[in-house]
Every structure is written in structure tokens, then in C-alpha cells.
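The values are calculated or read from the model by the stated rules, or taken from the named source; none is laboratory data. No experiment lies behind these values; they were computed from the predicted model shown. Cβ placement follows ideal geometry from the backbone for every residue including glycine, while neighbour counts extend to all protein chains displayed. For accessibility, only protein heavy atoms count, side chains too; no ligands or nucleic acids. Shrake-Rupley method; radii C 1.70, N 1.55, O 1.52, S 1.80 Å.
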Amino acid sequence: MSRSGDARRSLVLDRAVHVASSAGLEGLSLGGLAEALQTSKSGIQTLFGTKQDLQLAIVEAAVGVFDRHVRQPALSAADGLPRLRALLAGWFDYLEIFEGGCLFVAAASELDGRTGPVRDAIARAVENGYALLRREAELARRLGELPPDTDIEQLVFELHALLLQANHDRQLFGRSDALTRGRRAAERLLDRQ
């Protein structure tokens, strides 16, 4: 693809992730996206081919956004709890990036009972987030910043649950304090370990 084609694809993907975070991956159509971008459906098809190809590209783009806004900045924090806290801070901030909240939360709910490559891509992305939390929590335990008997799987479950609840309350109920409450709960949870 040419440089201008890459730029066009990137522009379309940026908008598509926002639309999909609100409309859902299944609710997103090539025609609807074309309308949102004020372009032709055939232009979108030329860039992505099928709806499934577009959905997979959206998931990949959202993974890239997560990487740039959450994972990479957290790597600059010191190993252990500082990095785990930075990771969580970035993750709570990430929940505000897309118009419809976290694309992965919305898509996981939408696709969890289905099969296929899009569902598998969402599951991989969510599992990678879990693995990231798990890796940082395990490192904090090895460094002695968490007690040696810390149940890492339970801690990761609870931290992830706080992220999900914050996204849920912000999106479904419009609670402006949801992310602040989530952050506070995560700090409290880490402080009690």
C-alpha cells in the first residue's frame, strides 16, 4: 500500500475504533463507517476488504493504542509496585480515550458467546492485559513489595474487576467519579497486600 493509502487507512481506523467502541464490532458496518467518515463504502472496502477484516484491524489498532498509552509509559517506572501502579494509572486513563469507553470491554461482552477470529482476537487482547498485570504483580512479590503469600491470580482478578467496573459505571451510568473511585479502590487494594 502506498504512503497515502497507509495514511488513509490509519485515519479510517482511528475513526473506526471510536465508532466500534460505541456501536460495537458487530454493529459497525462498512456503510455506517463510510457515512461517519463521509466517504464511500467502496473506499472502505478497498482499504479493508470484508467486515471481518475491518473488525480485526480495529482490534489491532486498539491494541496499539493500549500499548502506546498504557504499557509503554508504565515501562519507564521502577520495577515492582511503582510499575504496577503506573500500569493501573495508565489503564484508568485509557478508559477515557475512546468515545464508547474501552473497546475490549464492549467487544468482550458482545462476542463472548461466539466463535471466530474476531472473538479470538479480543480474547487474546484481554488475556494479554491480564498477563501484563500478572507479570508486574509477580515481580512486585519477588522484590518483596508484596507479601510472599500474595495470591497473584486473585489480585489480578480484583484489579481487572476494578477496571471493568469503572468503565461500566462511567459508560452505562455516566458517573463522572467512576475512574476516581476505581483508582482509589486499586490503591487501597495494593496498600492492603
Next item on the list: Say whether the condition of being out of contact with any Leu (no Cβ under 7 Å at 6 or more places or on another chain) and more than 26 Å from L164 (Cβ to Cβ) is met by at least one residue in the stretch 79-99.
Entry: no
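Got at least one residue in the stretch 50-63 being small (G, A, S) and out of contact with any Leu (no Cβ under 8 Å at 6 or more places or on another chain)? Even if it seems obvious, please write down each step before you answer.
Initial filter on the stretch 50-63 (small (G, A, S)): 57, 61-62.
If we keep only those that are out of contact with any Leu (no Cβ under 8 Å at 6 or more places or on another chain) too, we end up with none.
There is no residue in the stretch 50-63 that is small (G, A, S) and out of contact with any Leu (no Cβ under 8 Å at 6 or more places or on another chain).
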Next item on the list: Look through the stretch 15-53, keep the residues that are modelled with pLDDT under 90 and among the acidic types (D, E), and return whichever of them is nearest to V63 (Cα to Cα).
Entry: E26
Note to self: With the structure loaded, tell me whether A131 is free of Cβ contacts under 8 Å to residues at least 24 places away in the same chain, under 27 Å from S21 (Cβ atoms), open to solvent by less than 40 Å² (accessible area, probe 1.4 Å) and not basic (K, R) or whether it fails that test.
What the structure shows: yes
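On the basis of being part of a loop (DSSP other than H, G, I, E, B), of a type in the set (S, T, N, Q) and farther than 18 Å from R68 by Cα, does T150 make the cut? It would help to see each step written out before you state the result.
Values: part of a loop (DSSP other than H, G, I, E, B): yes; of a type in the set (S, T, N, Q): yes; farther than 18 Å from R68 by Cα: yes.
Yes.
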Item checked: Complete set of residues in the stretch 135-152 that are open to solvent by 50 Å² or more (accessible area, probe 1.4 Å) and charged (D, E, K, R) -> R135, E138, R141, R142, E145, D149, D151
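In the stretch 72-128, what residues are hydroxyl-bearing (S, T, Y) and either open to solvent by 20 Å² or more (accessible area, probe 1.4 Å) or part of a loop (DSSP other than H, G, I, E, B) (or both)? Steps first, answer last, please.
We begin by selecting, within the stretch 72-128, every residue hydroxyl-bearing (S, T, Y); these are 76, 94, 109, 115.
Once the filter is applied, which keeps residues that are hydroxyl-bearing (S, T, Y) and either open to solvent by 20 Å² or more (accessible area, probe 1.4 Å) or part of a loop (DSSP other than H, G, I, E, B) (or both), the stretch 72-128 yields S76, S109, T115.
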